Amino acid sequence: MPDIRKAAAAAAVIAGLGAVAAPATAGAATIPTQSHTYHIAVKPGVLAGGQNQITANVKVANPQANVRRFWSRSTVQQVVRDGVDNNLQKPYMSQGFRCTPTLDGAMNASTARFTCKLQGADTPTTVTVTFTAPYLPPTAN
């Protein structure tokens, strides 16, 4: 009879460990994310339609407080302004972000949709900034 009690006790311990391990595994599968939206003023006269503001959307996966500056308003503002104020329609680097545009496909490609990804950070945090810049079309000389 003592062997049956030991077996039952061992089964109870194993079942208890399984119950503890299951929620931890389920929790590990979901990566915490954050979303932020910033409205950023840019240099007047660069954007079409008299606009002087860009809406930047920021997605942060696995946010860690020690690298919060990478998705702060001031950092995102600088990334956007570096591209828009300089009328860039080509890839550029700013504040550790690599920004790549997708042009609208028109012959005078005037709208650039940028995706900027944080590069080279030694942290599991990933930050992606997206924004659209409707530039004034080029003028014929």
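The values are calculated or read from the model by the stated rules, or taken from the named source; none is laboratory data. Note that this is a predicted model, so its numbers are computed, not measured. Heads up, the Cβs are rebuilt from the backbone with ideal geometry, glycines too, and the neighbour counts pull from every protein chain shown. To get the accessible areas, we keep the full protein, side chains included, count just its heavy atoms, and leave off ligands, DNA and RNA. Shrake-Rupley method; radii C 1.70, N 1.55, O 1.52, S 1.80 Å.
Ile14 is checked against (1) surrounded by fewer than 12 Cβ atoms within 10 Å (Cβ to Cβ); (2) modelled with pLDDT of 95 or more and fails just one. What number does that condition carry?
So Ile14 meets the others, but not (2).
Is there any pair with a first residue in the range 72-83 that is over 13 Å from His39 (Cβ atoms) and a second that is assigned to a helix (DSSP H, G or I) whose Cβ atoms are under 7 Å apart and which are 6 or more apart or on different chains, and what are they?
Here the result reads Thr75/Arg69, each pair linking the range 72-83 to a residue that is assigned to a helix (DSSP H, G or I).
Take the range 96-121 and flag every residue that is open to solvent by 70 Å² or more (accessible area, probe 1.4 Å), assigned to a loop (DSSP other than H, G, I, E, B) and either at pLDDT 95 or above or touching a Gly at 6+ places or on another chain (Cβ under 9 Å) (or both).
If the condition is that a residue be open to solvent by 70 Å² or more (accessible area, probe 1.4 Å), assigned to a loop (DSSP other than H, G, I, E, B) and either at pLDDT 95 or above or touching a Gly at 6+ places or on another chain (Cβ under 9 Å) (or both), then Gln119, Gly120 are the ones that fit.
Which of (1) open to solvent by 40 Å² or more (accessible area, probe 1.4 Å); (2) of a type outside the set (Ser, Thr, Tyr); (3) assigned to a strand (DSSP E or B) does Lys43 not meet, given it meets every other one?
(3)
Within the range 44-71, track down each residue that is polar (S, T, N, Q) and free of Cβ contacts under 8 Å to residues at least 12 places away in the same chain.
Step one: of the range 44-71, the residues polar (S, T, N, Q) are 51-53, 55, 57, 62, 64, 66.
Asn52, the sole residue that qualifies.
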